[in-house]
Amino acid sequence: MRNYIIKRVLGAIPLLICISFLCFVFINLIPSDPAEVALRVSQVPVITEEIIAETRAAMGLDKPYLVRYLDWVINCLHLDFGISYTNPDRTVGGELLRCLPATLVLAGASLVLVIFLSLPIGFFCAVYKDSWFDRITRGFIFMTTAMPAYWVGLLLMWLVSIKFDLLPTSGNGSWKHLILPAFTVSLTYISTYIRLIRNNMLENMKEDYVLYANVRGLPQKSILVKHILKNSLHTCIVAVGMSIPQLIAGTIVVENVFAWPGLGTLCITSIFNRDYPVIQTYVLLIGVLFVVFNLLFDIIQTIADPRLKNEVS
Amino acid sequence: MNTVLEVKDLSVALKVGNNTKQILSNIDFTVDKGQCLGILGQSGSGKSMTAKSMLGLLDRNFTVTGSAVYKEKELIGESKESLRDIRGKEIAMVLQNPMTCFDPLCRIGSQILETFQAHTDWDASKQQAKALELLERMRIHDPLEVMEKHPHQLSGGMLQRIMIGIAMIMEPSLLIADEPTTAIDAINQYSIMEEFKNIKNEYNTAMIFITHDLGAIAKIADEVLVLNQGRIADKGSLHGILHHAADPYTRLLIEKRAAVMERYHNALYKEKLRYA
Ligand SMILES: Nc1ncnc2c1ncn2[C@@H]1O[C@H](COP(=O)(O)OP(=O)(O)OP(=O)(O)O)[C@@H](O)[C@H]1O
Ligand SMILES: [Mg+2]
């Protein structure tokens, strides 16, 4: 088991290298000159060719591509992500750290909503398949998959905050500010998970082990919860693992709709300001999160499944 | 009263959209204490359906009509919960695919114990003792270790034996075995058949033995019911069926079997000649 985990972790390293390289290349493909941008945001009055060349040298932009990439990666490994162009007195790391908690709160609240809503709803949809409850839920799933998050967000804002004046439209500060954005972020995931749990359970109900549990006269409740639900959730583990970074990355649009001061807002602002170091680090961070959570939940899945666990140890 | 189960006019229809498909029509039979009824038929002839329909194991799409009286109690139309109490305790069943019949995520021990918890008020130590007794009775080595195993770690023959053990430990009045030897290899098939013969001789349990294998039927059944496309094709004592089958379908089954046996003996004979 230990060897398996070590092997999996080592296996993720090439992937991380690829991600960092792609991230570096794409950001550098942006057609404006970082040196010029840096000068412009720091409001240098006259930008001449000489000053640009000077800045390029100062920023290390005149070095070969690969050297710059390696420098960047090595700095990143030392948790030094550079300095923001717009606020030269702030480090990128500091900026991200400042905005991270708000995003984590939003993503965390969304995850809690996703789990606590989709689990029981999916469960009852499967148990009472084709009942009115199941049909209404299926209609809801159909609708939410057709509506983009920002639109749902705006709709909710209009209905709940403006029409009925129940919750604040934007900002953060109290749990009241959290409800609408969290619900907006989680909405698509709730539908996905309801569908996943419902279909997994219906698939499992056809299995022989359910027939045999019925043959032995086990109580319906124990068959549903202890056997069918458990087996169904098992196949959801990896999906949850992938959803966590998706939730963190997915807040980007909703944060901007609700003016939530998290990573997403920072990222959009940085894009408008051409603040390359921030964008680059944000993209890298999200990429790394995907790899790490995928790896983590893969390992969890392996440990939780007796069949796989035996195979690897 | 020696009759354990009396089935009359049992029919099953399946609703698909607006159509209904007749799956079983007018099945009649009785099973007495200590007696074994063999149900013979091709794949898809409705053997499993006969057992499942009596025990309320079919979903809402199936309509079951007719009557199945178990010890003066009508099973057809009985509430789901009261059938649940009967299943596994009074009427036990052994299924065809031992490898897929246990929950892959649960340990064997917990799956045995949950059966006890559903039907008895035994305390934890009694449950444990009974589980060990069951495994020992089925000649499982290292029962304590086997209890901690997950289904995929055991062989089909072992799981099949555990299934029989679970069925018998509750001392049911009726045991239904649905093709218990189909999914396992020849050596295990032999020992499983021996197990059923033991049960019949020792416990005097009424038994329904479902199979498409005439050889297995010949070993254990007293009476035979031949099903073809959801209808009774032939019915009678084992001897009667083997030698004077009335129905052409039954004769076909028996002749095919005889032909296979003959080829097998010829092959063996030739082999012997070659080595002689
Ligand atoms: N869930 C189902 N939905 C639709 N038709 C079914 C279903 N289960 C069984 N049938 C039909 O009922 C008929 C009888 O099936 P049954 O399982 O009783 O056959 P069997 O004699 O046990 O065959 P086998 O030897 O393969 O187990 C088959 O023709 C099958 O097509
Ligand atoms: Mg069958």
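Conditions (1) outside any helix (DSSP H, G or I); (2) of a type in the set (A, V, I, L, M), marked per residue:
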position: B:116; (1), (2): no, no
position: B:122; (1), (2): yes, no
position: B:131; (1), (2): no, yes
position: B:146; (1), (2): no, yes
position: B:161; (1), (2): no, no
position: B:171; (1), (2): yes, no
position: B:187; (1), (2): no, yes
Tally, over region B:108-154, of residues that are under 22 Å from the mean Cα position of the chain (by Cα), of a type in the set (Ser, Thr, Tyr) and open to solvent by 40 Å² or more (accessible area, probe 1.4 Å) = 0
Taking the stated definitions as given, is residue B:179 open to solvent by 10 Å² or more (accessible area, probe 1.4 Å), within 16 Å of ligand 2 (Cβ to nearest atom) and not basic (Lys, Arg)?
-> yes
Scanning region B:60-72 for residues that are in contact (Cβ under 8 Å) with a residue 12 or more places away in the chain and either within 12 Å of chain A (Cβ to nearest Cβ) or not β-branched (Val, Ile, Thr) (or both) gives B:61, B:62, B:66, B:67, B:68, B:70, B:71, B:72
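Yes or no, residue by residue, for (1) in contact with a Cys (Cβ under 8 Å, 6 or more places away or on another chain); (2) assigned by TED's automatic domain parsing to the domain that holds residue A:254; (3) open to solvent by 30 Å² or more (accessible area, probe 1.4 Å):
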{"site": "A:181", "(1), (2), (3)": "no, yes, no"}
{"site": "A:195", "(1), (2), (3)": "no, yes, yes"}
{"site": "A:201", "(1), (2), (3)": "no, yes, no"}
{"site": "A:211", "(1), (2), (3)": "yes, yes, yes"}
{"site": "A:215", "(1), (2), (3)": "no, yes, no"}
{"site": "A:229", "(1), (2), (3)": "no, yes, no"}
{"site": "A:232", "(1), (2), (3)": "no, yes, no"}
{"site": "A:236", "(1), (2), (3)": "no, yes, no"}
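For every residue, the table says whether it meets (1) open to solvent by 60 Å² or more (accessible area, probe 1.4 Å); (2) over 22 Å from residue B:174 (Cα atoms); (3) more than 11 Å from ligand 1 (Cβ to nearest atom); (4) away from chain A (no Cβ under 14 Å).
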site	(1), (2), (3), (4)
B:13	no, yes, no, yes
B:16	yes, yes, no, yes
B:25	no, yes, yes, yes
B:28	no, no, yes, yes
B:39	no, no, no, yes
B:47	no, no, no, yes
B:51	no, no, no, no
When every residue in region A:257-313 that is among the small types (Gly, Ala, Ser) and open to solvent by 30 Å² or more (accessible area, probe 1.4 Å) is compared, the one farthest from residue A:92 (Cα to Cα) is A:313
Listed residues B:105, B:57; which is within 16 Å of ligand 1 (Cβ to nearest atom), open to solvent by less than 60 Å² (accessible area, probe 1.4 Å) and facing chain A (nearest Cβ under 8 Å)?
-> B:57
Residue satisfying condition, being of a type outside the set (Gly, Ala, Ser), away from ligand 1 (no atom under 16 Å from the Cβ) and touching a Phe, Trp or Tyr at 6+ places or on another chain (Cβ under 6 Å), within set B:172, B:151, B:143 | B:151
Give the residues of region B:182-229 that are open to solvent by 30 Å² or more (accessible area, probe 1.4 Å) and within 12 Å of ligand 1 (Cβ to nearest atom), sorted by residue number.
-> B:182, B:183, B:212, B:213, B:228, B:229
Pair list, Cβ under 8 Å, 6 or more apart: region B:77-103 residue among the polar types (S, T, N, Q), other residue crowded, with 24+ Cβ neighbours inside 10 Å | B:96/B:180
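The values are calculated or read from the model by the stated rules, or taken from the named source; none is laboratory data. Remember, it's a predicted structure, so these values are computed and weren't measured experimentally. Methodologically, a virtual Cβ is constructed for each residue, glycine included, from the backbone with ideal geometry; neighbour enumeration extends over all protein chains shown. Side chains included, ligands, DNA and RNA excluded: accessible areas come from the protein's heavy atoms. Shrake-Rupley method; radii C 1.70, N 1.55, O 1.52, S 1.80 Å.
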